[in-house]
1. Quick one, can you get me the convex hull of the C-alpha atoms of the stretch 28-107 expressed as volume per residue in Å³?
2. In nm, to one decimal, how far is the modelled label at residue 202 from the one at residue 16, with both set 7 Å along Cα→Cβ?
3. Determine, for 62, 49, 19, 164, the number of other Cβ atoms within 10 Å of each Cβ, and report the residues in order from fewest to most.
4. Multiplying the sequence separation of residue 8 and residue 151 by 0.36 nm and subtracting their Cα-Cα distance, what value in nm do you get?
5. Quick one: length gained pulling residue 30 to residue 105 fully straight, 0.36 nm per residue minus the C-alpha distance?
6. Over all Cα pairs of the stretch 121-218, how is the pair count split among 10 Å bins, expressed in % and running from 0 up to the last occupied bin?
7. Could you state the principal axis extents of the C-alpha atoms in the stretch 115-165, from the largest down, to the nearest angstrom?
8. Roughly how many Å is it from the Cα centre of the stretch 1-35 to that of the stretch 121-167, as a whole number?
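Laboratory data are not the source of any read-out in this text; all were calculated from the coordinates shown. Because the structure is a prediction, the values reported are computed rather than measured. So basically every Cβ, Gly included, is an ideal-geometry build from the backbone, and we count neighbours across all protein chains shown.
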Ligand code: G3P
């Protein structure tokens, strides 16, 4: 499976987000690989209305209905049609473990699936106890760069896969993923899928770039 993280890229915002989702849906259908767009909250409702894909958001907060200015309310994310949420991405870190646990528990309470990012094996060991639906190993220094985690850290991916497997939680690999070889290597080391942003979203040919990644699953 592939998670496409829309972040706040201009190429993945507003009307462009809608076009990108349509491309992702085409590729998901023709490749038969599960691809999940992880979209901006402001675009969520409209995207859900035009796609059959499972759509996720990039974060929620732990709050419930009430006086919580500026927070992302999980109940309304579900009502708007999201099926899951990223948590603890290195660009939106929840450094207090107890708070992270509260947010994961909140997501579970409203039936949102969760993917919890981890920047290191130590963090993976800690966060597996939260029992999210997916764990992701993503070294922040390689995000958006030219050197992929798959090419440069296969041994760490293998160790991450052992930790995740022991916990019975599927592992997703991200940071600099840019080729079918990266996907293949990640799977070979024990991951079930990848999280990708810049290689697809910033591409002149997002369809071709994504299609190429799906071939890593064959
Ligand atoms: O969530 C995945 C993302 O952080 C990876 O970004 O640009 O390295 O594919 P990128």
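1. Roughly 110 Å³ of hull volume per residue.
2. 1.2 nm
3. Arranged by neighbour count, lowest to highest, 62, 49, 19, 164 become 49, 19, 62, 164.
4. Length difference between fully extended and current span is 48.9 nm.
5. 23.4 nm
6. Reading upward from the zero bin: 18, 49, 28, 6, 0.
7. The Cα atoms of the stretch 115-165 stretch 32, 19, 17 Å along the principal axes, largest first.
8. 23 Å
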